[in-house]
Amino acid sequence: MKLPIEASRFGSGHAVRRVEDPALVRGEGRFTDDHLLPGQTWGAFVRSDRAHARVLGIDTAAAQAMPGVVAIFTGADLVAAGVKPIAVAVPFKRPGGGAFSVPPKRALAHEVVRYVGEAVAMVVADSRAAAQAAAAAVRVDYDDLPAVGDLLAALAPGAPAVWPEVPDNIAAESRHGDAAATEAAFASAAHRVALTLVNQRLAPSPLEPRSVLAFMDGERLTLRMSSQMPSGVRGTLAACLPGRTAENTRVVVGDVGGGFGMKTGAYPEDIAVAHAAQATGRPVKWQAERVEEFLAAVHGRDQVSHAELALDAKGKALALRVRTLAGVGACPSATSFVIPLLIGPWVSTSIYDIPLVSLKLSGVLTNQAATGAYRGAGRPEAIYIIERLFDAAAREMGIDGAELRRRNMIRPSQLPYTTAMAQVYDSGHFEQILDQGLELADWAGFAARREASKARGKLRGRGIATFLEWTGGNALEENVSVAVTADGFIELTSATMPMGQGIATSYVQLAHDVFGVPIERIRILQGDTDRANGFGSAGSRSLFTGGAAVRVASEKTVDEGRQLAAQALEAAAGDIEYAAGRFTVAGTDLGIGLFELAARQTGLRFTVSAAAKASAPSWPNGCHVAEVEVDPATGEVQVVAYASANDIGRIVSPAIVRAQVEGGAVQGIGQALSEAVVYDAQGQLLSASFMDYALPRADGFVGFRTVFDERMPCQTNLLGSKGVGELGTIGATPAVVNAVVDAVASAGLGRAAEQLQMPLTAERVWRGLRGDFGPALRLPD
């Protein structure tokens, strides 16, 4: 049955207070580290201080004798116990068709360490202090091996091999498009622009570091942890630990203090902690310190690309050609490869009608921590490339950047549109979004603002990004169960995960649309594999798929209630009407309340489960415009204006989507201006704290002007909603970088300013203003 959307001020489309917040602001949130179990122990890891070395021996005698130590585990112990490495399977080959191969991703390193921070032993003790003290007493005898701590250096002739089975360090390669046709298009093009661009390594840096508490409940293993994908973690535990199955393993997730993609899937430490709990029979907790997150949690981005765009005499793009090297670290996961070699290419032509592409992408091993999902996951890198190219082409041709983009946008009449990467866009009016963005940013008034900045001794630049992203396609189906209880609550259970984004509020609003009961009567239950299993939350899919499932399950629950009410009221089901928590017989005052109906059922509740499946991904899009001021004396950059128009389809929670876009933009600005994970040539991490890794600060920009256009609903899911969680991050980076390049170019450097590379720190900009852009980057063939 299809119910009309409830026109309530608490329903979808209305701004409401987040239902998650009262407990959090009162300090009543329950994060993993808040849980303490009887007999609980603590774990601490001994980590490699070498980027590449043989492990000749591990002396644990002194540590074992220290007070409070319960057990010490080494990689050899875990191998002997039958603990398996985390499987890494991808649909790629090595160059020339060779078999894909990467170093084993073990819970604890065995025989060889391959990056600084890799765990080589684990101490379990009665207190955290005792575990850390004993870990410091463990002595590891290493035989150093040559290491490579840089993506480009890993491909140099004679570079050390991270993994003997991959002597050239290229573990996987993908090619997309038509190379011959693209070459012909470039040969006939009136204009060609080329840029070599760096998407530097980033640390996701959620507020809450990783945390794991493992314990045995009879024969069952339970992990309480901070994760975006509890079902996936359960599957990995079952695959790696002897005697574990999905049925005798449980993963529970409470409040999560941010994820940004970093908390998807299982980490080696999760496997080690789980094994320790099994082996000792006692609960074991490990709480990561921030330095451990810099050393051993996944990093994002790390790509170097040589990109070219061919255009005709009128500025129409003819072809795109990109060669990308993607650093995947020493012990990568499947996402380390899928993100740069497949997902990024899907959006490589963005909202532009570019008929031909030739893309060659390589996953390169280095003696560094693995890369993986970080907000946007492949789409920020691809969009950064195409947006930088369009600005370079506009500068080359003397055309306004917005106008050149307009000439190349896919028109509504072309939808559904199939890209050169065989992706199908279902909805969007990209020129309409461009116009809204330009108006909001007062694009036409920029010259006056530039002059005003000049009068204050500042260089002003503006940048634009018109773009889209792919969301929800990682798993198109989601399940939700709804229970109506006799004590007056509606409980919705989902395998998607809250991590600060406010998804529970959106689910409550969608359920309120159907049930019409006060939102305080609706509870959202998430994060327990004994209750629900599914893909989890990543790729901006939670509302796109999970929200649709909430809608379907809620409607089916009302249908089930109608059947039960018909029996209770001795009436035909077709005569039963429902509104605002009550069933009535049409035309009479005979009725029964929803919760009263639940009280009459066995178990004092009735439950309905349902699934919703999208037919394809969604393609949210936007126009983001940034203006910056640059101090020519210091190179300091200030974001002085930021405006964005966004198409995310139908909006359920206006305040939440605004926070998602603007919060995401802050992270994108961080990549543009300040953030960078830095290793030295030997693989030693130089940016292992927030003293060295510069997150964006509130005084670096002045705020946002943000609008949404709901006139282009998504055609691939029943809500009409498109993903939103990563949109701001994707648009902000190229918009801000383009603005800085524009400011520097205005100082007389012209196209030379395009050599600037992220992060655009004050020093880099200062040097760039003086013609010093550092050594030129060259990619090997």
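Odds and ends about this structure:
- Selection of the range 204-220 for residues being in contact with a Leu (Cβ under 9 Å, 6 or more places away or on another chain) and small (Gly, Ala, Ser) yields 205, 214.
- Residue 645 passes every criterion in (1) assigned to a helix (DSSP H, G or I); (2) farther than 25 Å from residue 489 by Cβ apart from (1).
- Neighbours by Cβ (under 6 Å, 6+ apart or cross-chain): first from the range 642-667, at positive phi; second open to solvent by 30 Å² or more (accessible area, probe 1.4 Å): 649/713
- Boolean, residue 716 is out of contact with any helix residue (DSSP H, G or I) (no Cβ under 7 Å at 6 or more places or on another chain) and open to solvent by less than 30 Å² (accessible area, probe 1.4 Å): yes
- For the range 227-235, the criterion of being within 21 Å of the chain's Cα centre (by Cα), touching a residue at least 40 places away in the same chain (Cβ under 8 Å), under 24 Å from residue 368 (Cβ atoms) and open to solvent by less than 20 Å² (accessible area, probe 1.4 Å) is satisfied by at least one residue.
- Flag if residue 534 is open to solvent by 10 Å² or more (accessible area, probe 1.4 Å) and either in a helix (DSSP H, G or I) or in contact with a helix residue (DSSP H, G or I) (Cβ under 7 Å, 6 or more places away or on another chain) (or both): yes
- Hey, residue 373 buried (at least 19 other Cβ atoms within 10 Å of the Cβ), among the aliphatic types (A, V, I, L, M) and within 28 Å of residue 232 (Cα to Cα) or not: yes
- Any helices (runs of 4 or more DSSP H) falling wholly within the range 380-497 and containing at least 3 residues that are open to solvent by less than 10 Å² (accessible area, probe 1.4 Å) and farther than 25 Å from residue 631 by Cα: 401-408, 430-441
- When 721, 746 are checked against the criterion of being more than 30 Å from residue 545 (Cβ to Cβ) and in contact (Cβ under 8 Å) with a residue 60 or more places away in the chain, 746 stands alone in meeting it.
- Any pair with Cβ under 8 angstrom, 6 or more apart, that starts in the range 212-224 at a residue that is free of Cβ contacts under 8 Å to residues at least 40 places away in the same chain and ends at one that is open to solvent by less than 50 Å² (accessible area, probe 1.4 Å) and of a type in the set (S, T, N, Q): 219/248; 220/248; 220/249; 222/249
- Index of the failed condition, residue 504 passing every other in (1) under 30 Å from residue 769 (Cβ atoms); (2) surrounded by fewer than 24 Cβ atoms within 10 Å (Cβ to Cβ): (1)
- In the range 135-170, residue surrounded by the most Cβ atoms within 10 Å (Cβ to Cβ) [restricted to those that are of a type in the set (Val, Ile, Thr) and touching a strand residue (DSSP E or B) at 6+ places or on another chain (Cβ under 7 Å)]: 162
- Test: residue in the range 379-397 that is of a type in the set (Lys, Arg), more than 26 Å from residue 264 (Cα to Cα) and out of contact with any strand residue (DSSP E or B) (no Cβ under 8 Å at 6 or more places or on another chain): yes
- Of all residues in the range 483-532 being over 24 Å from the mean Cα position of the chain (by Cα) and among the small types (Gly, Ala, Ser), the one that is farthest from residue 221 (Cα to Cα): 516
- Unique residue being under 30 Å from residue 290 (Cβ atoms), open to solvent by 60 Å² or more (accessible area, probe 1.4 Å) and at pLDDT 95 or above when the list is 197, 207, 202, 223: 207
- Residues satisfying the stated conditions in the range 299-351, i.e. surrounded by fewer than 23 Cβ atoms within 10 Å (Cβ to Cβ) and either touching an Asp or Glu at 6+ places or on another chain (Cβ under 7 Å) or under 17 Å from residue 405 (Cβ atoms) (or both): 312, 314, 315, 316, 318, 321
- Count of the range 168-222 residues which are within 31 Å of the chain's Cα centre (by Cα) and assigned to a loop (DSSP other than H, G, I, E, B): 11
- Residues of the range 135-164 that turn out to be hydroxyl-bearing (Ser, Thr, Tyr) and over 18 Å from residue 121 (Cβ atoms), as a count: 0
Per-residue answers, yes or no, for (1) farther than 24 Å from residue 500 by Cβ; (2) at pLDDT 95 or above; (3) of a type in the set (S, T, N, Q); (4) open to solvent by less than 20 Å² (accessible area, probe 1.4 Å):
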position	(1), (2), (3), (4)
684	yes, yes, yes, no
694	no, yes, no, no
698	no, no, no, no
709	yes, yes, no, yes
728	no, yes, no, yes
738	yes, yes, yes, yes
741	yes, yes, no, yes
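- Qualifying residue in the range 47-58 (condition: surrounded by fewer than 17 Cβ atoms within 10 Å (Cβ to Cβ), hydrophobic (A, V, I, L, M, F, W, C), modelled with pLDDT of 95 or more and over 29 Å from the mean Cα position of the chain (by Cα)): yes
- Considering residues of the range 758-777 that are modelled with pLDDT of 95 or more and open to solvent by 60 Å² or more (accessible area, probe 1.4 Å) only, the residue nearest to the chain's Cα centre (by Cα): 764
- Neighbours by Cβ (under 8 Å, 6+ apart or cross-chain): first from the range 593-607, in contact (Cβ under 8 Å) with a residue 40 or more places away in the chain and closer than 12 Å to residue 488 by Cβ; second in a loop (DSSP other than H, G, I, E, B) and open to solvent by 50 Å² or more (accessible area, probe 1.4 Å): 595/487; 604/487
- Annotation note: of 773, 708, 704, the sole residue that is among the aromatic types (Phe, Trp, Tyr) and free of Cβ contacts under 8 Å to residues at least 24 places away in the same chain is 773.
- Residue match in the range 284-294 (condition: surrounded by 23 or more Cβ atoms within 10 Å (Cβ to Cβ), at pLDDT 95 or above and charged (D, E, K, R)): yes
- Among the residues of the range 632-668, those identified as closer than 21 Å to residue 746 by Cα and either out of contact with any Asp or Glu (no Cβ under 7 Å at 6 or more places or on another chain) or open to solvent by 10 Å² or more (accessible area, probe 1.4 Å) (or both) are 632, 633, 634, 636, 637, 638, 639, 640, 641, 642.
- Among the residues of the range 77-109, the ones that are open to solvent by 50 Å² or more (accessible area, probe 1.4 Å) and either assigned to a strand (DSSP E or B) or under 19 Å from residue 44 (Cβ atoms) (or both) come to 3 in all.
- Complete set of residues in the range 704-726 that are under 18 Å from residue 425 (Cα atoms), of a type outside the set (Ser, Thr, Tyr) and in contact with a strand residue (DSSP E or B) (Cβ under 6 Å, 6 or more places away or on another chain): 709, 712, 713, 714, 720, 722, 723
The values are calculated or read from the model by the stated rules, or taken from the named source; none is laboratory data. Only a predicted model underlies this, so the values are computations on that prediction, with no experimental measurement involved. Glycine gets a Cβ as well: all are built from the backbone with ideal geometry, and neighbour counts include every protein chain shown. When the accessible area is computed, the model is the full protein with side chains, heavy atoms only, and any ligands, DNA or RNA have been set aside. Shrake-Rupley method; radii C 1.70, N 1.55, O 1.52, S 1.80 Å.
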